Amino acid sequence: QVQLVESGGGVVQAGGSLKLSCAASGRTFSSYAMGWFRQAPGREREFVVSINWSGSFTDYADSAKGRFTISRDNAKNTVYLQMNSLKPEDTAVYYCAAERGGSSRNIKAWGYWGQGTQVTVSS
């Protein structure tokens, strides 16, 4: 079992930056792949980025490439999402997810979810 708590959301102007954090409970954090998803009002939850257990492999959605960076610190049981050059279309609730083994873009493959943190980008 793992519990996830996101933080770092807020309101930022277009072109600005935010860094989200996701703190995980449990002593086996390093065995989990971690991911970030987002859900905008009226839209389905979508994949943003994932990272494997060691941090050696990452996978970015096209919308995140070149602007977002995922990282993890297994000693702190935390995964981060650095978001730069934010756009109004990045406005959404951002969710952290965890799953043992490999990462996936498929939402159904992830077994553990945080409660989400709101990111609002104003134009």
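The values are calculated or read from the model by the stated rules, or taken from the named source; none is laboratory data. All values reported here derive from a predicted model rather than from experimental measurement. Note that each Cβ is placed from the backbone with ideal geometry, even for glycine, and that neighbours are counted across all protein chains shown. Keep in mind that these areas ignore ligands, DNA and RNA; they rest on the heavy atoms of the full protein, side chains included. Shrake-Rupley method; radii C 1.70, N 1.55, O 1.52, S 1.80 Å.
A few remarks follow.
- In this simple spin-label approximation, N84 and S54 carry label points 7 Å from Cα along the Cα→Cβ vector, and these lie 2.7 nm apart.
- Set of aspartates and glutamates near K87 by C-alpha distance (under 19 Å), chain-local residues within fewer than 8 positions excluded: E44, E46, D62
- Per residue accessible area in Å² of the stretch 1-113, where ligands, DNA and RNA are left out and the probe is 1.4 Å: 51 Å²
- Prolate/oblate/rounded label for the chain (Cα gyration tensor, a/c 1.5): prolate
- Extension gain for the segment S71 to Q118, taken as residue separation times 0.36 nm less the Cα-Cα distance, is 15.0 nm to one decimal.
- Relative contact order computed over the stretch 10-79 (Cα-Cα under 8 Å; 6+ residues apart), in percent: 30 percent
- Each peptide in 87-97, 8-18, 22-32 gets a packing score, the mean of other Cβ atoms within 10 Å over its residues, and the list from highest to lowest is 87-97, 22-32, 8-18.
- Remark: relative contact order (the chain) = 36 percent; criterion is Cα-Cα distance under 8 angstrom and separation of 6 or more residues.
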